[in-house]
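To start, the structure itself, in structure tokens.
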Amino acid sequence: MGVDGFGRRIDYLRISVTDRCNLRCVYCMPEEGVPWKDADEMLSFEEIERFAAAAVAEGISKIRLTGGEPLVRKGIVEHIARLRALTGIDAIALTTNATLLPKMAADLHAAGLERVNISLDSLDPEVFAQVTRGGRLEDALAGIDAAFEVGMHPVKINVVVVRRLEQDLVSFAKLTMDRPVHIRFIEYMPVGGEDEPAPGGACSSESAAAGWTEEDSVPADEILARLVVEGAAAGLGALGPVAKDDAPGGWGPARYYRFDNALGTVGVISPLSHHFCGECNRLRLTADGKLRMCLFSDEELDARTVLREGTDEDVRALIRQALALKPESHNMRVGTIRRMSQIGG
Ligand code: SAM
């Protein structure tokens, strides 16, 4: 069992399989001129699988693939099947923008992918196109349908709430009434692409270019208060908390609620207003093979070199070193040199 220096059980590994994406969300990636890593800087699938096997031996039992957009990497379906076959893995999950799910969901499910988190920040086609810089809402919605059709479970939708976008939160809540979909509203984090990350929060160059500031981060309590009032006004009934045992099998820190008679839930994830470092259960591996102990810390260990030059025991020792180095808290230091697309969210 992997336990870190503060007694937290670390059983969840997020693996970014690519820094490339077929969308260009304004808070995540520049519109153009992204300096892609060279192919030999990226971990091969074989290297990722070797790392994953070592991680499982050190107590990891849950793996999530992310990116960039993980579905743009060639061979991802077979990679998932090989990861799923590792003894000791409870489940494989995927975080995706869903636009490629209509053609890939059946194969992914057959390969052993059950859990999918879909990032979707607006149900208004124009706002969606604005945030993603040209994405088509209908493609993402078709991806959600495809996930349900092939039987993925749970299907969660992640909505980053940004004040100036004036998103209609109730339009998302309505989706929970007749499908077991779980909507998670996430506080926008002003991070990424900083040369000199500043304590206390600074804007990423991309979202700053879009005019977004720290003020655009909407605290989870405010999101919940709005859902209560706007949900009741829209006839969704009362919003009540969902007991932990009844929550949709989360690996992370979301708090879940349900409208009367809804099949799905709405939840909030509050990395800024109520940080949950005490419950942190994860490590992150970037597509270029750096092991990160905390989303908000730029301290990284070089797993790529160890994978290329060391033994399996060396890889396991690196993971133990990461557990020992994992900080107790991000201490509200919000700011990273890497962009989210280069970490995996
Ligand atoms: N392409 C995939 C997707 O769209 O889900 C996976 C990668 S994306 C970097 C993972 C998640 O990070 C998305 O849900 C995205 O909304 C979130 N994210 C990126 N930048 C963020 C920010 N500044 N604040 C909050 N969430 C962010």
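The values are calculated or read from the model by the stated rules, or taken from the named source; none is laboratory data. Here the structure is a predicted model, which means the values were calculated and not measured. Because the Cβ atoms are built from the backbone with ideal geometry, glycine has one as well, and the counts that use them run over all protein chains shown. Just so you know, the surface numbers come from the protein's heavy atoms only, side chains and all, with ligands and any DNA or RNA stripped out. Shrake-Rupley method; radii C 1.70, N 1.55, O 1.52, S 1.80 Å.
Brief remarks on what is shown
- Odd one out for A52 among (1) in a loop (DSSP other than H, G, I, E, B); (2) surrounded by 19 or more Cβ atoms within 10 Å (Cβ to Cβ); (3) more than 17 Å from the chain's Cα centre (by Cα): (1)
- In this structure, L83 does not satisfy being open to solvent by less than 30 Å² (accessible area, probe 1.4 Å), within 15 Å of the ligand (Cβ to nearest atom), on the phi < 0 side of the Ramachandran plot and not polar (S, T, N, Q).
- Beta carbons closer than 8 Å, at least 6 apart along the sequence or on distinct chains, pair a first residue in region 92-110 that is in contact (Cβ under 8 Å) with a residue 24 or more places away in the chain and more than 14 Å from L141 (Cα to Cα) with a second that is away from the ligand (no atom under 15 Å from the Cβ) and acidic (D, E) for I92/E114; A93/E114.
- Scoring G252 on the criteria (1) open to solvent by less than 40 Å² (accessible area, probe 1.4 Å); (2) within 16 Å of the chain's Cα centre (by Cα) leaves a single failure, condition (1).
- Scanning region 271-285 turns up at least one residue that is assigned to a loop (DSSP other than H, G, I, E, B), polar (S, T, N, Q), within 16 Å of the ligand (Cβ to nearest atom) and open to solvent by 10 Å² or more (accessible area, probe 1.4 Å).
- Restricting attention to region 211-239, the residues that are closer than 17 Å to E187 by Cβ and modelled with pLDDT under 95 add up to 6.
- Residue pairs whose Cβ atoms lie under 6 Å apart, sitting 6 or more positions apart in sequence or on different chains, and linking a residue in region 16-41 that is closer than 20 Å to G289 by Cβ and open to solvent by 80 Å² or more (accessible area, probe 1.4 Å) to a partner that is among the small types (G, A, S) and within 10 Å of the ligand (Cβ to nearest atom), are R20/G68.
- Number of positions in region 166-191 that are within 16 Å of the ligand (Cβ to nearest atom), of a type outside the set (K, R) and open to solvent by less than 30 Å² (accessible area, probe 1.4 Å): 12
- Boolean, E58 is among the charged types (D, E, K, R) and either more than 22 Å from T286 (Cβ to Cβ) or within 16 Å of the ligand (Cβ to nearest atom) (or both): no
Let's see how each residue does on (1) closer than 18 Å to V315 by Cα; (2) in contact with a Lys or Arg (Cβ under 8 Å, 6 or more places away or on another chain):
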residue: L23; (1), (2): no, yes
residue: P30; (1), (2): no, yes
residue: E58; (1), (2): yes, yes
residue: G75; (1), (2): no, no
residue: K103; (1), (2): no, no
residue: G112; (1), (2): no, yes
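- A search for C-beta distances below 6 Å between a residue of region 50-76 that is modelled with pLDDT under 95 and any residue that is in a helix (DSSP H, G or I) and more than 16 Å from the ligand (Cβ to nearest atom), counting only pairs 6+ apart in sequence or on different chains, returns nothing.
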